[in-house]
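Below is one structure, written out as structure tokens; the observations come after it.
The values are calculated or read from the model by the stated rules, or taken from the named source; none is laboratory data. As the structure is a computational prediction, the values presented were derived from the model and not from experiment. So basically every Cβ, Gly included, is an ideal-geometry build from the backbone, and we count neighbours across all protein chains shown.
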Amino acid sequence: MPDVLSPKARELIARPVLASLTTLNPDGSPQVTPLWVDRDGDDVVFNTARGRKKARNLERDPRVAVTVIDPDDQYNVVAFRGTVVDITTEGADAHIDALAKKYLGVDSYPMRREGEVWVKVRVRTDRIAMQG
């Protein structure tokens, strides 16, 4: 049974605050990436391009850890372990544009590279360690 994000955690994730995503490399070592996040119901969602390190790690091992720290209050933290439950191209372009709007205030993600295929990643929160 997944843990559920508190209202305070939901509010923090709704803000344009960078998260840190930890995935596992093939040798089991951690790989940490700052990234944009959002929420859909009780799931945390983010976006990446196919072929990137985090995408390859997630396709091989769906276990992740995510931390979001409020830059205005270092004690307002959301930290959880989770499992990737979906990786899809469906809606991924619209989702990266929505994240660009949230984080950059622009209508379209400005750093697209020709040939990149974007994927939307959905994470179920298995164990929430901290919620502000």
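Numbers for the structure displayed
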{"quantity": "Hits in region 107-121 (condition: surrounded by 19 or more Cβ atoms within 10 Å (Cβ to Cβ) and either under 18 Å from Ile87 (Cα atoms) or of a type in the set (Gly, Ala, Ser) (or both))", "calculated": "Trp118, Val119, Lys120, Val121"}
{"quantity": "Residue that is without any contact (Cβ under 8 Å) to a residue 60 or more places away in the chain, touching a strand residue (DSSP E or B) at 6+ places or on another chain (Cβ under 8 Å) and on the phi > 0 side of the Ramachandran plot, where the choices are Gly105, Gly28, Gly91, Gly41", "calculated": "Gly91"}
{"quantity": "Evaluation of Glu114 against (1) in contact (Cβ under 8 Å) with a residue 12 or more places away in the chain; (2) of a type outside the set (Lys, Arg); (3) assigned to a loop (DSSP other than H, G, I, E, B) (one fails), failing number", "calculated": "(1)"}
{"quantity": "Pick from region 81-106, criterion of a type in the set (Val, Ile, Thr) and over 21 Å from Ala65 (Cβ atoms), ranking: surrounded by the most Cβ atoms within 10 Å (Cβ to Cβ)", "calculated": "Ile96"}
{"quantity": "Among the residues listed as Leu35, Leu99, Leu58, the single one being more than 19 Å from Val17 (Cβ to Cβ) and at pLDDT 95 or above", "calculated": "Leu58"}
{"quantity": "Residue under evaluation Ala55, criteria (1) aliphatic (A, V, I, L, M); (2) surrounded by fewer than 16 Cβ atoms within 10 Å (Cβ to Cβ); (3) touching a strand residue (DSSP E or B) at 6+ places or on another chain (Cβ under 6 Å), criterion not met", "calculated": "(2)"}
{"quantity": "Arg10 being modelled with pLDDT of 95 or more, on the phi < 0 side of the Ramachandran plot and out of contact with any Pro (no Cβ under 9 Å at 6 or more places or on another chain)", "calculated": "no"}
{"quantity": "Check on Arg50, surrounded by 12 or more Cβ atoms within 10 Å (Cβ to Cβ) and of a type in the set (D, E, K, R)", "calculated": "yes"}
